[in-house]
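Structure record follows, encoded as structure tokens.
The values are calculated or read from the model by the stated rules, or taken from the named source; none is laboratory data. Since we're looking at a predicted model, the values are computed, not measured. Cβ placement follows ideal geometry from the backbone for every residue including glycine, while neighbour counts extend to all protein chains displayed. We work out accessible area using only protein heavy atoms, side chains counted, and drop any ligands, DNA or RNA first. Shrake-Rupley method; radii C 1.70, N 1.55, O 1.52, S 1.80 Å.
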Amino acid sequence: MSKVLLDGDIVAYRSAYSTEDMEAEDCEHKVDELVDDVMSFTMFEFDHDLVEVFLTGPTNFRYELATIAPYKGNRKDSVKPRHLKHARDYLIEEYGAVVSVDEEADDLIAIRATKLGRGTIIASVDKDFLQVPVTFFNIGRREFTEVSDFDAHYNFYTQVLTGDRADNIKGLKNIGPKKAERALDGATTEGELYERVCEMYEGDLDALLENARLLWLRRKEGQLWLPPDQR
């Protein structure tokens, strides 16, 4: 059966947020409910051994890499749900969640998915995972998306053009999904996608490289993204 790689950050936050005015034990129940819900949609039968959970630790190479704008700088004043730490601790104790060091849970998930191969299911709501060529299960919409190798490249280069508002990655000014789609239209290989993006950046390869490295989910430990012609 397929391994399910679960984005624990999403589970912890949603569980804590929905039980803000309740007790810590209610938060634990909500964690169990969300994990069981993912399992019910992704497995023929419940098997906790097939679910691997990942959480983001406090350190991340992207904070030092970002020069155009502070990475996730738009979140510094946000108030966290009061049970968030409890939810994270519960995921570690009860589900063996792995906490990242100097990177994000997203990186750990993408690295693990690459090692396991195409039969893997990534469960999250984060569209960043659409750059990984496996099966993506959107927890919120309860929808599956099969991501091909080309789809993965296309989705990544689309983000390099548009940026990621949630993480304070600017991308190109006034470029949204529709303009990005037009810019990439007709490209059939990763090399062609990269060439189109270079044209849109008008030669500012430093900005392109920084944004790409901020957006890229690692496929092996310590990896930094490189253009196709430099690998």
Query raised in the report: Per residue, how many Å² of accessible area does the stretch 13-136 show with a 1.4 Å probe?
Result: 54 Å²
**Report entry** Anisotropy class of the stretch 1-112 from Cα gyration tensor, a/c 1.5 cut
**Finding:** oblate
Query - Anisotropy class of the stretch 139-231 from Cα gyration tensor, a/c 1.5 cut - result: rounded
Report summary line: Filtering the chain for DSSP H helices with an axial alpha carbon extent of at least 27 Å and a Kyte-Doolittle mean of at least -1.0 returns 24-42
Requested in this report: Counting helices only, and only those DSSP H runs with n ≥ 4, report the 222 nm mean residue ellipticity of the chain as the sum of -39,500 (n - 2.57) divided by its residues, in deg cm²/dmol to the nearest 500.
Outcome: -13500 deg cm²/dmol
Query raised in the report: With contacts defined as alpha carbon pairs under 8 Å and 6 or more residues apart, what's the relative contact order of the chain in percent?
Result: 20 percent
Query raised in the report: Given charges of +1 on the Cβ of Lys and Arg and -1 on the Cβ of Asp and Glu, with all other atoms neutral, how large is the dipole of the stretch 1-85 about its Cα centre, in debye to the nearest 20?
Result: 800 debye
Query raised in the report: For the chain, with the dipole built from +1 on Lys and Arg beta-carbon atoms and -1 on Asp and Glu ones, taken about the Cα centre, which of G171, F61, G222 lies farthest toward the positive end?
Result: G171
Report summary line: So for the stretch 57-192, using the alpha carbon gyration tensor with a ≥ b ≥ c as root eigenvalues (a/c under 1.5 gives rounded; past that, a/b versus b/c decides prolate or oblate), I'd call it oblate
Requested in this report: Only Lys, Arg, Asp and Glu count, each charged at its Cβ (+1, +1, -1, -1), so figure out the dipole size of the stretch 1-148 about its Cα centre, rounded to 20 debye.
Outcome: 700 debye
Query raised in the report: What part of the accessible area of the chain, given as a whole %, is carbon or sulfur when the probe is 1.4 angstrom?
Result: 50 percent
**Report entry** Spherically averaged projected area in nm², based on the convex hull that wraps the Cα atoms of the chain
**Finding:** 12.9 nm²
Query raised in the report: Cross-link list K3/K30; K80/K173; K127/K173; K115/K173: which exceed 27 angstrom alpha carbon to alpha carbon?
Result: K80/K173; K115/K173
